[in-house]
Amino acid sequence: MSVAVIAGMQWGDEGKGKVVDLLAEDADIVARYQGGHNAGHTIYCDGKQYVLHLIPSGIFHEGKICVIGNGVVIDPKALLEEMGQLEKAGIEFQSRLLISDRANIILPYHCSSDVSRECDGKYQKIGTTGRGIGPSYADKIARLGIRTCDLRDENRLLKLVRDNYDEKKAIIQKLFGGELQDFDVIFSGLQDTRKIILGLLTDTHTFLRQQIADKKNVLCEGAQGTMLDVDHGTYPFVTSSNSTSGGACTGLGIPPTQIDRVSGVIKAYTTRVGEGPFPTELFDESGETLRKEGHEFGATTGRPRRCGWFDGVVARYAVHLNGIESAALTKVDVLDTFKVLKVCTAYEYKGKMYEEMPADLEILENCKPVYTEFEGWMESTVGINKFEALPEKAKLYIEGLKKIIGADFLMISTGPKREQTICKEGLF
Ligand code: IMP
C-alpha cells in the first residue's frame with residue numbers, strides 16, 4: 001500500500017501534468033486535491049496534446065480511477081467542456097471518474113466578482129486567471145458555498161443559488177457598478193450540467209479509505225505550486241487554496257498518518273504568471289530566450305509567463321514545507337543554448353543575507369539575489385533518457401541544484417513527451 005503526494009515547488013507551471021501522467025502508470029488511483037480550472041496541465045499522449053484543468057492527469061491511462069476531491073472548486077460548465085474534449089479523443093472516463101460530493105462549485109457570479117475586482121483599479125490586482133477561484137473559496141470559508149451534494153435536491157439548490165445570486169448582484173452593482181447575467185440564465189445553465197455531474201458524485205473520502213485498506217496505490221495530485229499556496233506563498237499574490245502537500249489531507253480526506261511519500265515537481269529555471277514578487281526575474285534577452293525556448297505561455301489563459309533563473313531559496317523552502325525527499329526536475333533541455341547559468345542561493349536586503357524565505361513582500365520585492373554561476377553545456381539534451389548520456393556540464397548543473405536544495409531527483413525531463421525522460425526511481 002502506498003499513498004504519494006505530488007506538489008508543485010515554484011509558482012505553478014512546473015510540468016506536473018507530464019510527471020503525474022508518467023507516475024500514474026504505477027498508481028491505481030489519481031486524486032486531485034485543490035484548485036480549480038485555473039490550473040492547466042499539459043499532457044502529450046499518442047502524439048496529441050491535451051490540456052486538463054480539473055480532471056486528474058491519470059485519465060490517459062486505461063483503467064486508472066481519477067478522483068476530484070472535496071478540496072477542489074468545480075465549475076460545472078468547465079468540467080463538461082473537459083469531458084467533451086476526452087469524449088472527442090475517444091477516451092473512456094465515465095466509469096472511472098469520481099467527483100466528491102463535498103466539493104464547492106463555481107457559478108458565473110464568482111467569475112464576475114473575480115474579474116470586476118481585478119479590473120476595477122481601486123483594489124490590489126493579483127493577476128488572477130479570472131475563473132472565479134478566489135470568490136468561490138471565499139464563499140466556502142464564509143460558509144455560503146454551494147456544494148456538489150446540493151445538486152441532488154433541486155429545490156434546495158434553487159434557494160441556495162438565489163440567495164447567493166442576490167447578495168453577489170448587490171455587491172457587484174454597488175462596489176463595481178457592474179451587472180450580473182440574469183438569474184434564470186445562470187440557473188438553467190446549472191440545470192443542464194447538473195444531471196451529468198450527479199451520476200459521478202461519490203463519497204470520495206470513504207472510497208479512498210477503502211482503496212487504501214485494499215492496499216491500492218493512490219497518487220494525490222496538487223495544482224499550482226508552493227509559492228501560490230494561500231498560507232505559505234507570496235501572499236496576497238497567491239491562489240486561494242493550499243497547494244502544498246498538506247492540502248492533500250484536507251482536500252481528499254486522507255489522514256496525515258496514511259501519506260507514505262511526498263514528491264515535488266520543479267523546473268530547471270523559474271516562471272510565474274500574474275502579479276507579485278519574483279526575485280530572480282529576468283528582463284533581458286536571457287528571459288526572452290527562456291520564454292521562447294520553454295514555450296512559456298499560460299496553458300489556461302495564454303498569458304506570457306515571467307521568466308527567471310532557478311531560485312534555490314524558493315526550492316529549499318518547497319522541499320522543507322512539503323517534506324520532499326526527491327523531486328522531478330523538468331525542462332532541462334530549455335537551457336541548452338545558454339553559455340552561463342545562474343542559480344540564486346540567497347537574497348540580500350539592506351546588507352542582511354536571507355537563506356530562508358522571508359514573509360515580508362517588501363524584502364522579496366527589493367532584495368538582490370545572490371547567484372552561483374554554472375557553465376552552460378551548449379548542446380542539445382532534447383529527448384535524452386539516460387543520465388549518463390547528458391553532457392558533463394549538464395550533470396554538474398543538476399548535481400549543483402541537488403546540493404543547493406538538499407533533495408535528490410527521481411526523474412529528469414528533457415522534453416514534453418513521455419519517452420523524453422530520465423527515470424531514476426518510481427514513487428510506489
Ligand atoms: P487565481 O488562482 O485564478 O485566483 O489566480 C491567483 C494567482 O495564481 C495568479 O497569479 C494566477 O496567475 C496564479 N495561478 C493560478 N493557477 C495557476 C496555475 O495553474 N499556474 C500558474 N499560475 C497560476
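The values are calculated or read from the model by the stated rules, or taken from the named source; none is laboratory data. As the structure is a computational prediction, the values presented were derived from the model and not from experiment. As a convention, Cβ positions derive from the backbone with ideal geometry for all residues, glycine included, and neighbour counts pool all protein chains shown. These accessible areas exclude ligands, DNA and RNA; they are computed on the full protein's heavy atoms, side chains included. Shrake-Rupley method; radii C 1.70, N 1.55, O 1.52, S 1.80 Å.
In the chain, carbon and sulfur make up what percent of the accessible area (probe 1.4 Å)? Mind showing how you got there, number by number?
Working: 8930 of 17750 Å².
Here carbon and sulfur together make up 50 percent of the probe-accessible area.
Cα centroids of the range 405-428 and the range 127-186: how far apart, whole angstrom?
Result: 41 Å between the Cα centres.
Which of the trypsin sites (Lys or Arg not before Pro) across the range 335-383 are loop residues per DSSP, with 13 or fewer other Cβ within 10 Å?
Values: sites: LYS339, LYS342, LYS350, LYS352; in loops: LYS339, LYS350.
Those that pass, being in a loop and sparsely packed, are LYS339, LYS350.
For VAL185, project a label point 7 Å along Cα to C-beta. Then give me every residue of the range 79-120 with its amide nitrogen under 12 Å of that point.
Answer for this model: 108-109.
Could you pull out every one of the lysines with an alpha carbon less than 29 Å from that of LYS352, ignoring same-chain neighbours closer than 8 positions?
LYS267, LYS342, LYS368, LYS402, LYS403
How big is the gap, in Å, between the Cα center of the range 209-282 and the Cα center of the range 297-325?
A separation of 11 Å, based on Cα centres.
Could you work out how far helix 312-322 tilts from the main Cα principal axis of the chain, as a 0 to 90 degree angle to the nearest 10?
The two axes meet at around 50 degrees.
THR128: accessible area at probe 1.4 Å, nearest 10 Å²?
In the full protein context, THR128 sits at about 50 Å².
Quick one: plug the Kirkwood hydrodynamic radius of the chain (C-alpha pairs) into Stokes-Einstein at 4 °C, 1.567 mPa s, and report D in µm²/s.
Details: Rh = 22.1 Å.
Calculated translational D: 59 µm²/s.
Give, in whole angstrom and from largest to smallest, the semi-axes √(5λ) of the equivalent ellipsoid of the range 295-380, with λ running over the eigenvalues of the Cα gyration tensor. Walk me through the intermediate numbers first.
Working: eigenvalues 114, 62, 49 Å².
Ellipsoid semi-axes (Å, largest first): 24, 18, 16.
Among the lysines, which have Cα under 28 Å from the Cα of LYS195 when same-chain residues fewer than 8 positions away are ignored?
List returned: LYS64, LYS77, LYS88, LYS140, LYS159, LYS168, LYS169.
For VAL382 and LYS352, what does the FRET efficiency come to when R0 = 41 Å and r is the distance between their Cβ atoms, rounded to the nearest 0.05?
So the FRET efficiency works out to roughly 0.50.
Skip the ligands, DNA and RNA, and give the accessible area per residue of the chain with a 1.4 Å probe, whole Å².
41
If exposed GluC sites (Glu not before Pro) are those in a DSSP loop with at most 14 other Cβ within 10 Å, what is the longest stretch of the chain that has none? Please report the intermediate quantities before stating the final value.
Details: sites that count: GLU62, GLU92, GLU179, GLU325, GLU355, GLU356, GLU379, GLU419, GLU425.
Counting only loop sites that pass the neighbour cut-off, the longest clear stretch is 180-324.
Suppose the Debye formula is applied to equal point scatterers at every Cα of the range 264-423; what is log10 I(q)/I(0) at q = 0.10 Å⁻¹?
For the range 264-423, the Cα-only Debye profile gives -0.35.
As an exercise, use a Förster radius of 45 Å and the Cβ-Cβ distance of ARG209 and GLU362 to find the FRET efficiency, rounded to the nearest 0.05.
Values: r = 45 Å, r/R0 = 1.00.
For ARG209 and GLU362, the calculated efficiency is 0.50.
Looking only at the chain, where both bridge partners belong to it, what percent of the DSSP beta bridges are antiparallel (to the nearest 5)? Display every interim value, and only then the final one.
Details: 25 of 62 bridges.
Restricted to the chain, the bridges split so that about 40 percent are antiparallel.
Which residue, CYS119, CYS367, CYS249, has the most motion in a Gaussian network model of the chain that connects Cα atoms within less than 10 Å?
CYS119
For the range 104-197, state what percent of all Cα-Cα pairs lands in each successive 5 Å bin, counting from 0 Å until the bin that includes the largest distance.
Whole-percent P(r) values from 0 Å outward: 2, 13, 24, 26, 19, 9, 5, 2.
Mind listing the long-range amide H neighbours of GLY178? Cut-off is under 5 Å, sequence gap 5 or more, other chains count too, H placed in the peptide plane at 1.01 Å from N.
Amide H neighbours of GLY178, under 5 Å, 5+ apart: GLN173.
Residue by residue through the range 179-185, which ³J(HN,Hα) values in whole Hz follow from phi under the Karplus form 6.51 cos²θ - 1.76 cosθ + 1.60 (θ = phi - 60°), with glycine and proline marked x?
Computed from phi, the couplings for the range 179-185 are 10, 9, 4, 4, 4, 4, 5 Hz.
Mean-square fluctuation check for the chain, GNM, Cα pairs under 10 Å: which of ALA359, ALA318, ALA248 is largest?
ALA359
Search the structure for amide H atoms under 5 Å from the amide H of THR280, placed 1.01 Å from N in the peptide plane, and list their residues when 5 or more places away or on another chain.
Close amide H contacts, sequence-distant or interchain: none at all.
Could you pull the accessible area for ARG147 with a 1.4 Å probe, rounded to 10 Å²?
My reading of the accessible area for ARG147 is about 100 Å².
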